[in-house]
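Peer 1: Supplied in structure tokens, the structure appears directly below.
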Amino acid sequence: MNLILLGAPGAGKGTQASRIAPKYGIPHISTGDIFRQEMAKKSDLGSQVESYVKSGRLVPDHLATQVVVQRLGQPDCRHGFLLDGFPRTVAQAEVLDRFLTADNRPLTSVLFLKLEEAEVINRVSSRRQCERCGAVYNLVTQPPRHAELCDTCGGKLIQREDDKAETVKKRLLVYDDLTEPLIAYYHALGVLETVDAGRPVDEVFAAVVKVLDPLSRK
Ligand code: ADP
Ligand code: AMP
């Protein structure tokens, strides 16, 4: 199962990935999470990407692809992977294709989580994340049991800096310009599956499983 989750920022990729990955026993690779962890560690990579991530621009292709190619080379990815937030440009998709083809690891499916823009904005503006363990909540649709505290570890819930209104607008423009063309790209390759992401989390997951179960048996 070599999978990609495609969709606008806030469409629910991370939420679905946290269910898909354990069900199919594949690692969840979120480039956004990797960059945020590197920024928190203040590593070289973290300082190289910080200004891009905070302002809602894309990190340069060579840095994003380098991170992913390195991660896909690790042993736990040999039997499959779930990419979330990568690729985000056609150039990144082309590098990924070349890498996977050379390694004889074809893509199994690209799941496009389709959500209208107004709902994307609603979801992102009410997203909160645990500053300690990274768990994601939504003040409206997935509220924590105790206001502003993580159910799992008790950490403080914060709003991502790039989820503030001005930066969200910028990220959606970037998505329309650079990432949306990947829908046609993967459709042309015959691997695109579109899922209506405008439903409750369980229903979206059920639709995803309906697509993936037959593929997992091949
Ligand atoms: P992405 O990884 O695509 O940026 P997330 O998984 O972080 O998106 O989801 C964005 C926000 O929307 C989060 O606050 C999450 O709790 C919430 N969310 C995710 N899926 C749904 C859904 N199906 N219905 C309602 N809210 C959702
Ligand atoms: P995300 O958590 O997927 O919403 O990503 C947060 C931010 O990380 C994005 O707005 C970009 O700045 C950066 N980022 C994540 N993945 C990529 C990627 N594949 N290419 C370039 N930048 C990325």
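Peer 1: Any residue at all in region 106-113 that's farther than 18 Å from residue 35 by Cα, of a type outside the set (Phe, Trp, Tyr) and within 14 Å of ligand 1 (Cβ to nearest atom)?
Peer 2: Yes; the residues of region 106-113 include at least one that is farther than 18 Å from residue 35 by Cα, of a type outside the set (Phe, Trp, Tyr) and within 14 Å of ligand 1 (Cβ to nearest atom).
The rows are residues; the columns are (1) within 12 Å of ligand 2 (Cβ to nearest atom); (2) farther than 16 Å from residue 160 by Cβ; (3) part of a loop (DSSP other than H, G, I, E, B).
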site: 11; (1), (2), (3): yes, no, yes
site: 14; (1), (2), (3): yes, no, no
site: 94; (1), (2), (3): no, yes, no
site: 104; (1), (2), (3): no, yes, yes
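Peer 1: Can you tell me which condition residue 35 does not meet? The list is (1) touching a residue at least 40 places away in the same chain (Cβ under 8 Å); (2) within 14 Å of ligand 1 (Cβ to nearest atom), and all the others hold.
Peer 2: Only one criterion is unmet by residue 35, namely (1).
Peer 1: Find the residue count for region 73-92, including only residues that are free of Cβ contacts under 8 Å to residues at least 60 places away in the same chain, in a loop (DSSP other than H, G, I, E, B) and under 25 Å from residue 36 (Cβ atoms).
Peer 2: Residues flagged as free of Cβ contacts under 8 Å to residues at least 60 places away in the same chain, in a loop (DSSP other than H, G, I, E, B) and under 25 Å from residue 36 (Cβ atoms) within region 73-92 amount to 2.
Peer 1: Also, quick follow-up: If you take just the helices (runs of 4 or more DSSP H) that sit entirely in region 148-218, which of them hold at least 3 residues that are away from ligand 2 (no atom under 16 Å from the Cβ)?
Peer 2: Counting at least 3 such residues, we get 181-188, 201-216.
Peer 1: With respect to residue 57, determine if the residue is within 12 Å of ligand 2 (Cβ to nearest atom), of a type in the set (Lys, Arg) and surrounded by 20 or more Cβ atoms within 10 Å (Cβ to Cβ).
Peer 2: So residue 57 does not fit the description; no.
Peer 1: What do you reckon, is residue 124 in a helix (DSSP H, G or I), among the β-branched types (Val, Ile, Thr) and either at pLDDT 95 or above or more than 12 Å from ligand 1 (Cβ to nearest atom) (or both)?
Peer 2: yes
Peer 1: Residue pairs, Cβ under 7 Å, 6 or more apart or interchain, first in region 194-218 and under 18 Å from residue 1 (Cα atoms) and among the aromatic types (Phe, Trp, Tyr), second assigned to a loop (DSSP other than H, G, I, E, B) and modelled with pLDDT of 95 or more. List them.
Peer 2: Cβ pairs passing all conditions: none.
Peer 1: Also, quick follow-up: Please work out which residue is nearest to ligand 1 (Cβ to nearest atom), limiting yourself to region 137-189 and to residues that are of a type in the set (Ser, Thr, Tyr), within 17 Å of residue 10 (Cβ to Cβ) and touching a Leu at 6+ places or on another chain (Cβ under 9 Å).
Peer 2: 137
Peer 1: Going by the conditions given, is residue 4 within 16 Å of ligand 1 (Cβ to nearest atom), touching a His at 6+ places or on another chain (Cβ under 8 Å), within 22 Å of residue 218 (Cα to Cα) and aliphatic (A, V, I, L, M)?
Peer 2: When the stated conditions are applied, residue 4 does not pass them.
Peer 1: Also, quick follow-up: Can you list residue pairs whose Cβ atoms sit under 8 Å apart, with the first residue in region 53-72 being in contact (Cβ under 8 Å) with a residue 12 or more places away in the chain and the second being among the acidic types (Asp, Glu)? Count only pairs 6 or more apart in sequence or on different chains.
Peer 2: 53/162; 54/161; 54/162; 55/162; 56/162
Peer 1: With (1) more than 10 Å from ligand 1 (Cβ to nearest atom); (2) farther than 21 Å from residue 40 by Cα as the list, and residue 134 as the residue in question, which single condition is left unmet?
Peer 2: (2)
The values are calculated or read from the model by the stated rules, or taken from the named source; none is laboratory data. Because the structure is a prediction, the values reported are computed rather than measured. All Cβ positions, glycine included, derive from the backbone under ideal geometry; neighbour counts span all protein chains shown.
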